[in-house]
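The values are calculated or read from the model by the stated rules, or taken from the named source; none is laboratory data. If you're wondering where the values come from, they're calculated on a predicted model, not measured in any experiment. Note: ideal-geometry Cβ built from the backbone for every residue, glycine included; neighbour counts use all protein chains shown. Heads up: the accessible areas ignore ligands, DNA and RNA and are worked out on the full protein's heavy atoms, side chains in. Shrake-Rupley method; radii C 1.70, N 1.55, O 1.52, S 1.80 Å.
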Amino acid sequence: MAAPVLRCCCPGRRWALACIDRGSRHGRGAPPGSWFCGKRGQRSVVQQLLSAAQKLRKGEREWTAVVGLEIHAQISSNSKLFSASKVHFAAPPNSLVSFFDASLPGTLPVLNRRCVEAAVMTGLALNCHINKKSLFDRKHYFYADLPAGYQITQQRLPIAVNGSLVYSVCAGKKQNQVISKTVRIKQIQLEQDSGKTLHDDLRSQTLIDLNRAGVGLLEVVLEPDMSCGEEAATAVRELQLILQALGTSQANMAEGQLRVDANISVHHPGEPLGVRTEVKNLNSARFLAKAIDYEIQRQINELENGGEILNETRSFDYKLGCTVPMRDKEGKQDYRFIPEPNLPPLVLYDSASLPANADPQQVINIDQIREQLPELPSVTREKLVQQYGMLPEHSLTLLNEVGLLEFFQNVIKETRAEPKKVTSWVLNTFLGFLKQQNLAVSESPVTPSALAELLNLLDRKAISSAAAKQVFEELWRNEGKTPAQIVSEKQLELMQDQEALEQLCHAMMEEHPQVVMDMKKGNPRAINKLIGLVRKATVNRADPTVIKEILEKQLSSRNVSGPSDGHRSGACET
């Protein structure tokens, strides 16, 4: 029995009702958010939404979703934004806290030069206009993990504005069409991070760790130019790659170095934008896509049933696969922004405005930073396509998987195999094994050198493709053997005795005359059957291509020689 769900009808824009099979976790063509969860015998929140959607078929209307993002990236710096405290993940609680971080009276902020340079570099890479003068503000709110009762940020005049981020999504039935999309960047601003709140349910108490308080953040605000979870997740992944290439942030989402807040609303085309909700603190691209797609479906379902959308903050419950309310925003919170009195305006220069006798250690030159920009991911992908002749979607995969590009390049350096063959083995066989075992590239038991040696054996036709896969499986077991040792022990070398292989092919043709007749009639399956028989007889040690050539040659010689003399038709003595 099929159940209707709300899904994206065309890439990222229109949402309407469609049907999926209840037996599958994901409906075919459904967005990543439409999945079933919960214990057996219980109905999850998602299932309840899908059940309610059955009533909506008659009143089906088209919907447009609007998604904007606020992304917080931790700046790669040895010290915090306004203090000399060290920055180190997983340090003992409250071991990296200065007097300023704890907001003791009389302490003053000192701006970290490295954080400013990182902000400028990121803005330039994202095509932003860099403001030569930017201001710091105090944003007041009262949480236990914010000792001062305010956060220093850049609300009025941020360091960078009006940029753009270009990202690519794969489309088509086989995901082999690469489509480029652009999302506008409203602004990039410097701000402090807050501390970390730890809830101890067993002791019914809440603990505060201020190690993270005061760590420098880049807040990147993306305009609402996206319309589904896939687009948002892909844009975030592209930004993550850019930050890592620049070295301005490690952007490790698992360690909280990249956190995303998503603003989501739906409306009918041609009508005003709907009321938006904010889903906070999404720390994985997969959960981001699921949360956005679920929230879009939830809002459409609510409106179709005559309800209304509240302007509220929600969180994503990854166990249930749904968003849950945190707090409403109806009574808009007054953050009481005021200029930061302890920090003067941040003034930057370019080559034209740089004072003649300026101390390079006391000023930041925008043009100098521009000249130091490294190669960006988009340029790297173009080079991969041009240099190795790979498909654009393959270049996307190489960069999107952490460490995979470096692995690929190391294999290329050590093998004589063609780049296309290396690409196929890395993206299909190697990456397939990684995903099957849920391992990162850095955790792979197969090294680039081992795969390169295996491909060299294959390239000089010392082993067959089937034998190469068998060797790879042995390498994956990480028994410390080289491909050559495995080939020798398993006796997987290809037959090099051409005469013996020709005799074997001849014998197989003699033993299977009907198959030979089928070959003469042009049946393509017949020759494949003979190839299989010969390979079986050689324990897969014969190259299928060579076998085919020998069989075709022997069949051709038979046709030329014709029937034997004893069976010539019309022969008689006079």
### Message
Just to be sure I understand, how many residues within segment 197-214 are acidic (D, E) and surrounded by 18 or more Cβ atoms within 10 Å (Cβ to Cβ)?
### Response
1
### Task
Name the single residue, out of those in segment 472-491 being within 23 Å of F408 (Cβ to Cβ) and assigned to a helix (DSSP H, G or I), that is most open to solvent (accessible area, probe 1.4 Å).
E473
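Can you name every residue in segment 203-241 that is in a loop (DSSP other than H, G, I, E, B) and of a type outside the set (S, T, N, Q)? Don't jump to the end; show me each part of the working.
From segment 203-241, those in a loop (DSSP other than H, G, I, E, B) are 203-204, 210-215, 227-228; that's our starting set.
Listed by number, the residues that qualify are R203, L210, R212, A213, G214, V215, C228.
Conditions (1) at pLDDT below 95; (2) in a loop (DSSP other than H, G, I, E, B); (3) under 25 Å from I179 (Cα atoms), marked per residue:
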{"site": "L354", "(1), (2), (3)": "yes, yes, no"}
{"site": "R370", "(1), (2), (3)": "no, no, no"}
{"site": "E375", "(1), (2), (3)": "no, yes, yes"}
{"site": "L396", "(1), (2), (3)": "yes, no, yes"}
{"site": "F407", "(1), (2), (3)": "no, no, no"}
{"site": "V411", "(1), (2), (3)": "no, no, no"}
{"site": "T423", "(1), (2), (3)": "no, no, yes"}
### Message
Can you tell me how many residues within segment 441-462 are touching a Gly at 6+ places or on another chain (Cβ under 8 Å) and either closer than 22 Å to L492 by Cβ or loosely packed, with under 12 Cβ neighbours inside 10 Å (or both)?
### Response
1
### Query
Any idea how many residues of segment 338-352 are among the aliphatic types (A, V, I, L, M), in contact (Cβ under 8 Å) with a residue 60 or more places away in the chain and assigned to a loop (DSSP other than H, G, I, E, B)?
2
### Task
Provide a single number: the residues in segment 246-288 that are part of a helix (DSSP H, G or I) and in contact with a Leu (Cβ under 6 Å, 6 or more places away or on another chain).
1
### Query
Looking at E406, E393, which is the one that is loosely packed, with under 14 Cβ neighbours inside 10 Å and under 22 Å from the mean Cα position of the chain (by Cα)?
E406
### Task
Can you give me the number of residues within segment 167-196 that are loosely packed, with under 13 Cβ neighbours inside 10 Å and either at pLDDT below 95 or not in a strand (DSSP E or B) (or both)?
7
### Any hit, segment 449-471, residues being among the charged types (D, E, K, R), assigned by the TED database to the domain that holds E406, more than 18 Å from K413 (Cα to Cα) and free of Cβ contacts under 8 Å to residues at least 60 places away in the same chain
yes
### Query
Can you tell which of L111, L217 is at pLDDT 95 or above and surrounded by fewer than 18 Cβ atoms within 10 Å (Cβ to Cβ)?
L111
### Message
Can you find a residue that is touching a His at 6+ places or on another chain (Cβ under 9 Å) and within 22 Å of Q74 (Cα to Cα) anywhere in segment 330-350?
### Response
no
